[in-house]
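Data block below; observations after.
The values are calculated or read from the model by the stated rules, or taken from the named source; none is laboratory data. Values in this document were obtained by computation on a predicted structure and should not be read as measured data. When we count neighbours, we look across all protein chains shown, and the Cβ atoms used for this are built from the backbone with ideal geometry, even at glycine.
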Amino acid sequence: MNEKITTYVFGAVLAGLTAFAVPMQAAKAASAVAGPTVALHKALYKFKMVSVHSGAGVTGIDGEMYYEQNDDCDAWTSEHRFTMEYQYPERPPVDNTSHYVSFEAKDKSAFYFNSERRENGRLSEQLRGAIVKGKDGAAKADYSRPEGLSYALPKGYMLPTQQTNETIRHAEKGDRFFDAIIFDGTDADGPVDINTYIGKKLTPAEIKALSAGNKNIDASLLSPNAWHMRVAVFPLKDKDAMEPAYEMNMILHDNGVVSHALVDYGLFKVDQTLVGLEKLKPRKCGN
């Protein structure tokens, strides 16, 4: 098995509070972006494998992820940090760490990403690159690490935070399905097709239970407008795949916060539980 849990957190992944106001300057910078705006926050999630089938090759997965969604005035920035331990029946456990950062222009004019993964302290993967646009409007994701890797991006592709905002917009309209192709640079597999089923809104009791008295969770950030969603992810490089690479049941709030997720990899499932949530202060932007 490849010791690698997806770093996707639903746009801004895995990522996504009552939406709190940003300074007027930042609001002007974001004015070209229609629809919802994700809240600036940092979150901590605990991971644990909750079910496994025979043949999975792994007996346990434990770990945590730090996630940060920030605003750089004319761009969104995000950061993910994973620390995971994979347990096996006949060999020692493997410690896996990863660190991902991205810069996403709000007008989609630029996107940069940088990621590295280590297994038992040794560098096992390094990804770096940007989206390059030609004069004809065509776009491609160009990796500088590894060298020579690139992917053509289809017309209408989305960037992570943009896709999160669009999903929320569809949910607010009462739509049940939303399909989008996104690129985020979290791995070497290129763009993915994300099929989202938008289910029922959470009840007040469900919203209250999300923090459950945890003082490390700022309950004011758990917006009462939230939906149960089912997401299926298909890498575009595997065009003939009939089954998704993985599926995810999740709770997405109307400010981009993901308060819970259960990721189904087929042979095993991993629960992602929110254990910490805080606001980030908006940065001061020029006129």
Filter the strands (runs of 3 or more DSSP E) completely within the range 239-287 down to those with at least 3 residues that are over 25 Å from residue 170 (Cβ atoms) and within 18 Å of the chain's Cα centre (by Cα).
268-279
Could you check how many residues of the range 147-183 are assigned to a loop (DSSP other than H, G, I, E, B) and in contact with an Asp or Glu (Cβ under 9 Å, 6 or more places away or on another chain)?
2
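Could you tell me which residue of the range 205-262 is surrounded by the fewest Cβ atoms within 10 Å (Cβ to Cβ), considering only residues that are small (Gly, Ala, Ser) and within 19 Å of residue 163 (Cβ to Cβ)? Even if it seems obvious, please write down each step before you answer.
We begin by selecting, within the range 205-262, every residue small (Gly, Ala, Ser); these are 205, 209, 211-213, 219-220, 223, 226, 232, 241, 245, 256, 259, 261.
Next cut, within 19 Å of residue 163 (Cβ to Cβ) only: 223, 226, 232, 245, 256, 259, 261.
Working: 223: 20, 226: 24, 232: 18, 245: 16, 256: 28, 259: 26, 261: 24.
Here the answer is 245.
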Output the residues belonging to the range 207-225 that are among the charged types (D, E, K, R) and within 21 Å of the chain's Cα centre (by Cα).
218
Among the residues of the range 133-143, which ones are over 22 Å from the mean Cα position of the chain (by Cα) and surrounded by 12 or more Cβ atoms within 10 Å (Cβ to Cβ)?
133, 138
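Okay, residues lined up against (1) crowded, with 16+ Cβ neighbours inside 10 Å; (2) within 20 Å of the chain's Cα centre (by Cα):
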site: 73; (1), (2): yes, no
site: 81; (1), (2): yes, yes
site: 93; (1), (2): yes, no
site: 96; (1), (2): yes, yes
site: 111; (1), (2): yes, yes
site: 126; (1), (2): no, yes
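Among the residues of the range 234-243, is any under 26 Å from residue 137 (Cβ atoms), modelled with pLDDT under 95 and aromatic (Phe, Trp, Tyr)?
Within the range 234-243, the subset under 26 Å from residue 137 (Cβ atoms) is 234-237, 239.
Okay, now just the ones that are also modelled with pLDDT under 95, so 234-237, 239.
If we keep only those that are aromatic (Phe, Trp, Tyr) too, we end up with 234.
Yes, the range 234-243 contains a residue that is under 26 Å from residue 137 (Cβ atoms), modelled with pLDDT under 95 and aromatic (Phe, Trp, Tyr).
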Qualifying positions in the range 117-159 - aliphatic (A, V, I, L, M) and out of contact with any strand residue (DSSP E or B) (no Cβ under 6 Å at 6 or more places or on another chain)
123, 138
In the range 206-220, the residues that are over 25 Å from residue 175 (Cβ atoms) and part of a helix (DSSP H, G or I):
208, 209, 211, 219, 220
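Residue by residue, here is whether (1) surrounded by 18 or more Cβ atoms within 10 Å (Cβ to Cβ); (2) closer than 23 Å to residue 67 by Cα holds:
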{"site": "157", "(1), (2)": "yes, no"}
{"site": "163", "(1), (2)": "yes, yes"}
{"site": "169", "(1), (2)": "no, yes"}
{"site": "179", "(1), (2)": "no, no"}
{"site": "182", "(1), (2)": "yes, yes"}
{"site": "191", "(1), (2)": "yes, yes"}
{"site": "194", "(1), (2)": "yes, yes"}
